[in-house]
Amino acid sequence: MRYFVTGATGFIGKRLVRKLLATPGNSVWFLVREGSAGSLAAAQAYWGADAARTTPVTGDLLQPLLGVAEAVRQELSGQVDHFFHLAAIYDLRAGAAPQVAANVDGTRNAVELAAALKAGCFHHISSVAAAGMYDGTFREDMFDEAEQLWHPYFATKHAGEKVVRDACTVPWRVYRPGLVMGDSHSGETDKADGPYYFFKLIQRIRGLLPPWMPAVGIEGGRVNIVPVDYVVDALAWISHQPGLDRQCFHLTEPVSRRVGEVLDIFARAAHAPPMRLRVNAALLGLLPGWLRNGIAALQPVHRLRKALMEDLGLPEGILNLVNWPTRFDNRAAAAALQGSGISCPPLEQYAAPVWDYWERHLDPSLHIDRTLRGRVAGKVVLVTGGSSGIGLATVHRLAAAGATTLICGRDEARLAEARAQVQSRGFDLTAYQADLADAEDCARFVQLLLAEHGRVDILVNNAGRSIRRPIEESYDRLHDFERMMQLNYFGALRVTMGLLPAMAAHGAGHVVNISSIGVLTNAPRFSGYVASKAALEAWSYCAAAEFADAGISFTTINMPLVRTRMIAPTKAYRDAPALTPDQAAELVVEAIVNAPARIATDVGMLGLGVQLAAPHMGQIIMNTAYRLSAEQDAAPADGAAPVSPELRAMQHLLHGVHL
């Protein structure tokens with residue numbers, strides 16, 4: 001047999017050609033664009049066939065007669081037994097004009113070429129989209145009954161099929177596959193559209209909820225999914241059966257599934273929470289049209305919807321397909337496949353390999369450079385309080401990752417020592433002596449930064465002061481609260497406010513605030529420290545809302561207890577579980593790389609949950625810890641008294657919490 005194939009290097013096409021060439025003696029001519037040598041070589045390697053059996057024909061889908069030269073047409077005239085037309089745009093994100101050109105005009109050009117070549121049979125690969133959103137069961141012998149062809153993909157697949165029905169002068173057959181996914185055995189696919197658009201949503205839910213917790217999904221309309229290997233096998237078989245000309249065949253799963261059922265199957269394949277609590281999206285249709293349109297037109301709703309669609313990679317119009325009402329009868333295809341052993345496997349059988357292949361090869365996140373170097377190389381990063389502790393540990397990573405690293409601090413000797421440490425590893429940084437608690441000195445420092453660097457791309461507000469003292473011992477020490485507020489809040493605020501205009505002008509920037517787990521747990525003895533950090537958190541969340549559309553993001557790290565010079569004088573912390581500065585720096589790196597709104601430990605988030613859900617219980621827990629640590633504080637100054645078993649147990653229960 002001799003074949004001519006358009007779209008031979010595409011998702012379905014290259015697999016069909018390999019199937020055709022599996023029969024000895026078969027040969028294929030295939031359309032290629034001029035200058036596509038790269039894809040041609042890859043396709044021929046994929047087919048694994050003798051070059052004498054695969055002949056490229058230079059042409060263009062958008063040209064009359066597919067742009068095939070007259071001499072080639074004469075050579076092939078009467079030589080083609082089967083003409084397979086697969087070239088088309090299969091993408092809901094494509095614009096209307098390109099789809100009309102490829103799916104309609106391209107089909108017309110292919111039909112003309114098939115006639116010029118006197119092909120034995122013209123096989124047109126259409127789509128179930130040609131039925132539009134027909135409300136009911138769409139049979140294989142139905143065409144004009146299609147309705148609601150509002151999407152360009154639906155409209156052009158219907159119009160392309162009409163060209164075949166009206167203008168094709170050689171025998172023809174039409175095939176309407178369902179939504180084609182990866183191979184049912186390997187999951188392999190070349191593209192990720194259709195149901196793949198919802199994989200990122202499933203992945204996000206998996207990251208938020210444990211797998212045993214049922215998630216809320218949608219009921220939705222009908223969707224018909226088929227694996228690519230079934231489509232190819234069915235095409236190859238039906239196209240060679242006699243007496244089937246001028247017929248249409250639905251290459252579909254026998255039973256159309258609800259959208260909610262499909263998402264639930266893939267959620268289980270992804271080890272994500274099952275989507276069993278389903279809401280029928282059609283209920284939105286009960287709302288008056290003026291109300292739906294009015295809500296959708298509200299700018300906050302429109303912006304939120306747009307941001308969500310972009311974040312999940314969903315194309316415009318995809319949500320309108322959630323209520324797709326059409327079922328597809330496939331009795332003609334089933335009859336043609338009788339005795340072949342070819343049948344569409346159930347989705348449950350191949351959902352796992354399809355998901356696994358997507359997550360390993362096609363997940364858009366795989367192409368994002370999530371390394372620290374990818375985020376900071378060549379950028380200006382300022383770490384306040386960078387001469388020791390968490391700041392210094394972070395600085396080592398930033399300098400090694402290629403950032404233009406800046407630090408500031410009050411102690412010139414420590415700044416010099418920090419720089420010497422970094423230089424000893426073959427990197428460098430710039431150190432500035434500055435007192436952020438002093439308004440004038442802070443203003444001088446910010447102006448110097450802008451003059452020497454133009455702007456700061458990433459600011460890590462790490463400089464801070466902490467005092468551990470009960471309120472009952474602080475009645476006459478208001479100055480302690482003022483000192484902490486001056487550095488922890490106003491100092492950070494001065495630096496941030498001074499650098500924000502340059503960030504906004506550049507349209508990008510990131511502010512990372514080192515806060516405390518105590519803000520989440522309301523840690524006793526740290527009322528002044530926690531209050532100053534809480535103030536910075538509150539300001540940052542307000543700023544994040546204002547600058548969300550300016551390319552500037554804010555991250556708060558609710559840092560647990562870290563073993564630095566700051567906690568050394570406290571006897572109760574000597575055996576308390578605490579992070580090392582290097583471990584704390586990893587949280588800062590995570591903040592810089594991923595830019596989440598908040599980073600906190602599980603204990604911190606649990607503490608926040610208790611404070612919100614049962615504040616009185618939270619007070620009892622923290623008061624118990626407060627009284628236990630008071631006993632340790634009363635021990636002799638030489639520290640001879642061991643930590644009580646009760647306090648040790650409480651410290652491990654509240655891992656990393658300042659007590």
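The values are calculated or read from the model by the stated rules, or taken from the named source; none is laboratory data. Just so you know, these numbers come straight off a predicted model, no measurement behind them. Heads up, the Cβs are rebuilt from the backbone with ideal geometry, glycines too, and the neighbour counts pull from every protein chain shown.
A few notes on this one:
- Residue, surrounded by the most Cβ atoms within 10 Å (Cβ to Cβ), within the stretch 51-68, restricted to residues that are of a type in the set (S, T, N, Q) and within 22 Å of PRO24 (Cβ to Cβ): THR54
- Matching option when the condition is out of contact with any helix residue (DSSP H, G or I) (no Cβ under 8 Å at 6 or more places or on another chain), assigned to a helix (DSSP H, G or I) and among the acidic types (Asp, Glu), among ASP166, ASP144: ASP166
- Residue pairs whose Cβ atoms lie under 6 Å apart, separated by 6 or more positions or on different chains, with the first residue in the stretch 496-513 and farther than 18 Å from VAL376 by Cβ and the second of a type outside the set (Val, Ile, Thr) and modelled with pLDDT under 95, are ALA504/ALA550.
- Out of LEU392, LEU362, LEU382, LEU436, sole residue that is among the aliphatic types (A, V, I, L, M), surrounded by 15 or more Cβ atoms within 10 Å (Cβ to Cβ), in contact (Cβ under 8 Å) with a residue 40 or more places away in the chain and not assigned by TED's automatic domain parsing to the domain that holds PRO581: LEU362
- Residue count for the stretch 261-285 satisfying the condition of being modelled with pLDDT under 85 and buried (at least 23 other Cβ atoms within 10 Å of the Cβ): 1.
- Figure legend. Inter-residue proximity from the stretch 28-45: first residues modelled with pLDDT of 80 or more, second residues among the basic types (Lys, Arg), beta-carbon distance below 6 Å, spacing 6+ or different chains. Indicated pairs: ALA43/LYS14.
- Leading residue by the ranking (nearest to ALA110 (Cα to Cα)) among those in the stretch 134-165 that are surrounded by fewer than 17 Cβ atoms within 10 Å (Cβ to Cβ) and of a type in the set (S, T, N, Q): GLN148
- Selection over the stretch 124-136 of residues that are outside any helix (DSSP H, G or I) and closer than 20 Å to LYS162 by Cβ gives a count of 7.
- Taking the criterion of being at pLDDT 85 or above and of a type in the set (D, E, K, R), the residues of the stretch 506-563 that qualify are LYS533, GLU537, GLU546.
- Of residues in the stretch 409-427 being in contact (Cβ under 8 Å) with a residue 24 or more places away in the chain and out of contact with any helix residue (DSSP H, G or I) (no Cβ under 8 Å at 6 or more places or on another chain), the one surrounded by the most Cβ atoms within 10 Å (Cβ to Cβ): LEU415
- Across the stretch 80-123, the qualifying residues are those that are at pLDDT 95 or above and part of a loop (DSSP other than H, G, I, E, B), and the one among them that is nearest to LEU251 (Cα to Cα) is LEU86.
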